[in-house]
Amino acid sequence: MTSIFDTESALAIARRGLMLVLSSPSGAGKSTIARNLLESDPRFSLSVSVTTRKRRASEIDGVHYRFIDLAEFERMRAGDALLEWAEVHGNFYGTPRDAAEKAMREGGDMLFDIDYQGALQLQEQAKADIVSIFILPPSMAELKARLLRRAEDSGETIAVRLKNARVEIERWRDYDYVVINDDLDRAFSAVRSIINAERLRRDRRPGLFDFTAALLAEEID
């Protein structure tokens with residue numbers, strides 16, 4: 001069965017990879033959508049951020065984040081080893097530069113599960129390569145319910161996340177696309193449609209020059 005992500009795969013037209021940015025307030029579903037993308041689309045690799053935040057019980061170091069101390073984070077930041085960085089909920093997050101640049105050089109797509117601060121920095125550095133999507137919850141009440149169901153944060157931490165969610169939601173206009181996650185399947189389908197359309201953009205497919213030249217040179221008996 002052909003995957004929804006196999007568009008034009010048989011033609012092998014050279015293309016430039018894209019940087020897909022997913023952002024949302026905590027609990028709106030961006031991490032679940034990101035995980036589903038990685039499981040269903042082999043062309044994506046995840047940009048694993050470094051963070052000074054403490055690891056949650058469900059998280060694996062090097063898979064969800066690289067958990068480092070503040071001193072190491074400051075060394076990376078000072079050494080220009082971070083493509084972007086931000087302070088969120090009193091903790092620092094950043095994207096290692098080397099992995100992202102390697103993926104783009106090889107024509108792969110890189111997935112960024114980051115907040116609006118990091119998204120703005122990436123857009124400043126690589127605007128032509130960025131496709132940004134903001135995930136909204138259907139309501140603030142549902143957002144709170146999801147955070148409570150996750151049962152990984154204290155009541156105080158949840159209160160901070162809900163307060164910061166309002167600040168984050170105010171930045172929805174900074175994104176190319178906005179998806180409301182009232183149903184995970186529908187939201188994921190919308191994200192996949194965006195990716196398919198962006199991959200077919202003319203300016204992301206330099207191989208079309210050779211393809212159309214060969215097409216026009218083809219002789220028909």
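The values are calculated or read from the model by the stated rules, or taken from the named source; none is laboratory data. Note that the structure is a prediction, hence the values are computed from the model and not measured. Glycine also receives a Cβ, built like all others from the backbone with ideal geometry; neighbour counts cover every protein chain displayed.
General observations
- Tabulated pairs, the range 182-197, first under 18 Å from residue 18 (Cα atoms), second of a type in the set (Ser, Thr, Tyr) and in a helix (DSSP H, G or I), C-beta under 6 angstrom, 6+ apart or interchain: none
- Checking the range 171-182 against the condition returns no match, with no residue being under 20 Å from the mean Cα position of the chain (by Cα), assigned to a helix (DSSP H, G or I) and either among the polar types (S, T, N, Q) or crowded, with 16+ Cβ neighbours inside 10 Å (or both).
- Residue 195 satisfies every condition listed in (1) more than 30 Å from residue 92 (Cβ to Cβ); (2) modelled with pLDDT of 95 or more except (1).
A quick yes/no check of all residues on (1) among the hydroxyl-bearing types (Ser, Thr, Tyr); (2) farther than 22 Å from residue 175 by Cα; (3) in contact with a strand residue (DSSP E or B) (Cβ under 6 Å, 6 or more places away or on another chain):
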{"position": "32", "(1), (2), (3)": "yes, no, no"}
{"position": "59", "(1), (2), (3)": "no, yes, no"}
{"position": "95", "(1), (2), (3)": "yes, no, yes"}
{"position": "104", "(1), (2), (3)": "no, no, no"}
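- Residue within the range 21-34 that is surrounded by fewer than 16 Cβ atoms within 10 Å (Cβ to Cβ), among the aliphatic types (A, V, I, L, M) and outside any strand (DSSP E or B) present: no
- Criterion: more than 14 Å from the chain's Cα centre (by Cα), farther than 18 Å from residue 32 by Cα and not aliphatic (A, V, I, L, M) - qualifying residue of 144, 102: 102
Residue by residue, here is whether (1) under 17 Å from residue 151 (Cα atoms); (2) free of Cβ contacts under 8 Å to residues at least 24 places away in the same chain holds:
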residue	(1), (2)
27	yes, no
34	no, no
40	no, no
52	no, no
74	no, yes
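- From 128, 217, 151, residue being touching an Asp or Glu at 6+ places or on another chain (Cβ under 8 Å) and loosely packed, with under 14 Cβ neighbours inside 10 Å: 128
- Matching residues in the range 183-221 - criterion: being closer than 30 Å to residue 137 by Cα and not in a helix (DSSP H, G or I): 183, 200, 201
- Being closer than 26 Å to residue 157 by Cα and either touching a helix residue (DSSP H, G or I) at 6+ places or on another chain (Cβ under 7 Å) or assigned to a helix (DSSP H, G or I) (or both) is a property that residue 37 lacks.
- Tally of residues being of a type outside the set (A, V, I, L, M, F, W, C) and surrounded by 17 or more Cβ atoms within 10 Å (Cβ to Cβ) across the range 134-145: 2
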